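The values are calculated or read from the model by the stated rules, or taken from the named source; none is laboratory data. None of these values were measured; they are calculated from a predicted model. Virtual Cβ from ideal backbone geometry, glycine too; neighbours counted across all protein chains shown. Keep in mind that these areas ignore ligands, DNA and RNA; they rest on the heavy atoms of the full protein, side chains included. Shrake-Rupley method; radii C 1.70, N 1.55, O 1.52, S 1.80 Å.
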Amino acid sequence: MPGEQKPLWTDGWLQQCIHVPSPNFSQRPQHTEISLVVLHNISLPPFEYGQQAVQRLFTNQIRADEPDDFMRSLINLRVSSHFLLERSGALTQFVSCDDAAFQAGVSRFDGREGCNAFSIGIELEGCDFEPFTESQYAQLGGLLQTLCECYPIKAVTGHQHVAPGRKSDPGHFFQWDRLRAQGLPVTTEYQWLL
Ligand SMILES: [Zn+2]
């Protein structure tokens, strides 16, 4: 119908993206405010892009006969972010933002441990050793604006900042200033685990 608008979100799922549901999540603790976004990078096998291997990892489809040694080493991992933003700008959602995706692991933000409970995770297809793409920055900016409008997000930070010493992503090449220039609440202080 003319003028009819589809909802932007349904049960924590963004409607304008690819949905590949993952079982790797838990319910958030009751009355938890979703107040943090954690940015990551990932490439599988390492430094290779566009092979759908991240999608397979996040949906527990790594096989015992993977040709790549590193891929085989991931077989028992149970992880997923909420979103994956590929080099092309393609956006896939794996877990409802209402649930806690298994993305940050042992982590700490603003004195609270276990960031999965109160954060949304976004993986950027990439690595610590080369720049991210313009398409990724463009899509990421829009996604973060939407998240900040729909959830009480107080900070956007990196996996390296909530798990320093253990994680290094999104890494040196990620341009935080681009997000700051959009008025997003970027925090890049290291939150050392006590
Ligand atoms: Zn990470």
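A compact table of results
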quantity	calculated
Potential lengthening between Thr10 and Ser73 on full extension [0.36 nm per residue; Cα-Cα distance subtracted]	19.2 nm
The chain: most fluctuating residue of Phe58, Phe173, Phe109 per GNM, C-alpha cutoff 10 Å	Phe173
Surface share of carbon and sulfur [accessible, 1.4 angstrom probe, percent] for the stretch 9-181	51
For the stretch 168-186 and the stretch 17-46, distance of Cα centres in Å	19
Highest-fluctuation residue, Thr157, Thr92, Thr146 considered, GNM on the chain with Cα pairs under 10 Å	Thr146
Computed magnitude of the charge dipole of the stretch 1-77 (debye, nearest 20; Cβ of K, R +1, Cβ of D, E -1)	140
Relative contact order of the stretch 1-123, defined on C-alpha pairs under 8 angstrom at six or more residues apart (%)	35
Under Karplus coefficients 6.51, -1.76 and 1.60, residue-wise ³J(HN,Hα) of the stretch 146-163 in Hz, glycine/proline x	4, 4, 5, 6, 9, 10, x, 5, 9, 7, 10, 9, x, 4, 4, 7, 8, 9
Vicinal HN-Hα couplings computed from phi for the stretch 29-36 (Karplus, 6.51 cos²θ - 1.76 cosθ + 1.60; Hz; Gly/Pro x)	x, 4, 6, 8, 7, 7, 10, 9
Sites Gln175 and Thr32 - FRET efficiency at Förster radius 41 Å, r taken between beta-carbons, to 0.05	0.85
Solvent-accessible heavy-atom area per residue, rounded to whole Å², over the chain at 1.4 Å	50
Separation in nanometres of the label points that stand 7 Å from Cα toward Cβ, at Phe129 and Trp192	2.9
Whole-Hz couplings from phi, Karplus 6.51/-1.76/1.60, listed for the stretch 44-51; x for Gly and Pro	9, x, x, 6, 10, 10, x, 9
Where labels lie 7 Å past Cα in the beta-carbon direction, separation of Asp110 and Arg166 in nm	2.0
Gly171 long-range amide H proximity, modeled H, under 5 Å	Gln160
Nonlocal amide H pairs with Asn60, under 5 Å, H built at 1.01 Å	none
